[in-house]
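Asks: Have a look at the structure that comes next, please.
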Amino acid sequence: MASSRFTPFERLLLSSRNEADTAALLLLAWLAMSDGQGTLSDRKRTLLDELTGDFRHDHGYQLIVDLASAPDFVALQLAAEVLQRYYRGPRRETFLRQAIHVATHEGALAAGQHHVLRFLADLLSVAPETFEVLFRDVAGYPLAVPEDPSAAHYWRSRENAGHRESYQQGRHGTHGENSRERTAGEEGNAQGSRERHRKEQRYRQREQAKEEREETRRRRWRWRREETGQREQAHDGQHSGEDKRRREGFSHEGAYAKGHAAGSNEKAQRALAVLGLMENAQKSEIKRAYRRLAQKYHPDRYHAQSQEAMVTASLRFQRIKNAYDYLMRQHA
């Protein structure tokens, strides 16, 4: 098949050493770009460069940043599907810790980053209460409730902020006319004060960057230690499971059937959780839950909002549709 039939991100996945890690990097870059600034700061570029070394990607991060800055919604949808398929168990928590660190690397969360973080937690089937505990552990402060763009007061507050900004600009214009009448000596003193302030600010920024680099190294060391411990536990558990099967005389076919049934049950539980239903929900309950959530998260409702909100709603709507289709097949 000709390579021109593939999108840039699909070609990147095909050439990547681990497609799940490449998908995770794209979602982290999207999260970093959702701060409303339009471009990545030097500190976030440095952080993404460091994180790239922790993933089995082998292609650098520049193409990932280009795809995230567009943003390429098709690539983001594919990355979300790949991440949901492969990131399970302890890998989910490790990824979410990295995402929280990226979002809070330069201070408070932006509104777009807040919604993207909650989407990633929902994508990996992490309950909101569990994610809030994880956020407090990484960021050091609680996760606040995001603003609702569909509420009227959300837009009224921004209109009031715009009026206040216009008023302040008018006042600044009046002060600007008066400031031009200051003497040369006063201007020299003000210039010297600003220069001292800039020097102090640069010094504080260097110290803060140094502390953040140290903290990043400590966190990376903890992540690697946790992953090593998890691999050792999985290895020990595999050997003990094999010994148990030999003692009990399980056949290979029986073990496969048991594992397949457990996987199907786990997938059904995840689908029910997406629709907000309990186990053993009836077919009529599944249909009602799907209609309610489809109306709430349909992308057309978010058309007039920001790109981040629209992408989040589209991806969540796709998860709801996939969960509903799977459960309907199970009840067929």
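Rule-based calculations on the coordinates, nothing more; no lab input. These figures come from a predicted structure and were not determined experimentally. For neighbour counting, all protein chains shown are included, and Cβ atoms are generated from backbone atoms with ideal geometry for every residue, glycine included.
Asks: Of these, Arg92, Arg88, which one is of a type outside the set (S, T, N, Q), within 14 Å of Leu123 (Cβ to Cβ) and part of a loop (DSSP other than H, G, I, E, B)?
Replies: Exactly one residue qualifies, and that residue is Arg88.
Asks: Filter the stretch 102-132 down to residues that are of a type in the set (Ser, Thr, Tyr) and within 19 Å of Gly276 (Cα to Cα) and give me whichever is surrounded by the fewest Cβ atoms within 10 Å (Cβ to Cβ).
Replies: Out of the qualifying residues, it is Thr130.
Asks: Could we say that Glu266 is exposed (fewer than 10 other Cβ atoms within 10 Å of the Cβ) and either of a type in the set (D, E, K, R) or assigned to a loop (DSSP other than H, G, I, E, B) (or both) here?
Replies: So Glu266 does not fit the description; no.
Asks: Return the residues of the stretch 133-142 that are surrounded by fewer than 15 Cβ atoms within 10 Å (Cβ to Cβ) and in a helix (DSSP H, G or I); say none if nothing qualifies.
Replies: Val133, Arg136, Asp137
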